[in-house]
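Single-structure report; data block below.
The values are calculated or read from the model by the stated rules, or taken from the named source; none is laboratory data. Keep in mind it's a predicted model, so treat the numbers as computed, not measured. Using ideal geometry, Cβ is built from the backbone for each residue, glycine included, and neighbour counts are taken over all protein chains shown. Areas reflect the complete protein model, heavy atoms only, side chains present, ligands, DNA and RNA absent. Shrake-Rupley method; radii C 1.70, N 1.55, O 1.52, S 1.80 Å.
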Amino acid sequence: MSELVRPLVSRPHATQRLFCFPYAGGGISVFRGWAASLPDEVEPWAIQLPGREDRIGTPPFQRMSDVLNALVPAIIPRLDRPFAFFGHSMGAVVALELARTLGRLESGSPEWLLVSGRVPPQAMEAADPPLHQRSDAELVELLRGWRATPEAVLADRELMALLLPVVRADLAVIETHTFTGGAPLGCPVTAFGGTEDNAAPSVLERWGELTDNRFDLRMFPGGHFFVNSAREAVVAAVAERLARAAAARVG
């Protein structure tokens, strides 16, 4: 089994696979609770990038090219049945770029791309100075503002010494990545946003520019990490779209 792409639960008779891409600093534990809320027809998998959780001793990637060069050969053997991608924040951009890369390689296309908590790459505004170049103290304040890391963790120097390099590397993956135009995706795209997050619905709507298929936007109560605080509603919305894809496939 690939260390990079892992099943959250084994469902040998599932008709779809859902690959989940975590946010900066996150790992597969972000999606541990999803399996119980997804139908048996869906087998959920998650991406475990190096540098976090049980891969804490492996240096994290710092460039999108490194992420994709590792992901492509790891995921292609798992694309032997219909599949979809879900990514939150950093994971949304990784999922998009992986879908585009697989398309160029003619190695398969997701039935649905679900992007969450992230403005589309063509609408991103660069931070000055870049977030990944800021001090540890500034990154701690950034994490505090995201409201996803417990205060006890933020105050623990040993834990932060492990977490901050991963967050910094993940931010570098996104901030050093240059989005290039190309053929639009052929699959439907859904964007999820939080009502208290910084991304305005009008900006999130621009994800629709990246597909020649249908697009829809769904907003959830909460800030940037509504994917955790509104998890059941998010998973239900994902399952609904996967069911649509399955129905369209059956005809």
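Per-structure values
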| read-out | value |
| --- | --- |
| Accessible area in square angstrom per residue, the stretch 134-251, 1.4 angstrom probe | 51 |
| Accessible surface, the stretch 1-126, averaged per residue in Å² (probe 1.4 Å) | 38 |
| Alpha-carbon centroids, the stretch 31-61 and the stretch 103-170: separation in whole Å | 16 |
| Probe 1.4 Å - accessible area at Val235, Å² to nearest ten | 0 |
| Shape call, the stretch 26-108: gyration tensor on alpha carbons, a/c limit 1.5 | oblate |
| Debye equation applied to the C-alpha atoms of the stretch 91-209, log10 I(q)/I(0) at 0.12, 0.16, 0.21 Å⁻¹ | -0.54, -0.89, -1.23 |
| Segments 128-136, 92-100 sorted - mean Cβ within 10 Å per residue, highest first | 92-100, 128-136 |
| Among [x] 17.2, 56; [y] 33.1, 108; [z] 18.0, 55, the entry that matches Rg and Dmax of the Cα atoms in Å as calculated here | [x] |
| Among beta bridges that DSSP assigns inside the stretch 1-131, antiparallel share in %, nearest 5 | 20 |
| The stretch 167-211: C-alpha gyration tensor shape, a/c 1.5 cut-off, then a/b vs b/c | oblate |
| Accessible-area composition of the chain, carbon plus sulfur, in percent [1.4 Å probe] | 52 |
| Neighbour cut-off at most 11 other Cβ (10 Å), DSSP loop, GluC sites (Glu not before Pro), the stretch 116-207 | Glu125 |
| Cβ-derived FRET efficiency at R0 45 Å, Arg244 paired with Val153, nearest 0.05 | 0.70 |
| Rounded to whole Hz, the Karplus (6.51, -1.76, 1.60) HN-Hα couplings of the stretch 68-76, x for glycine and proline | 5, 4, 7, 6, 4, x, 6, 9, 4 |
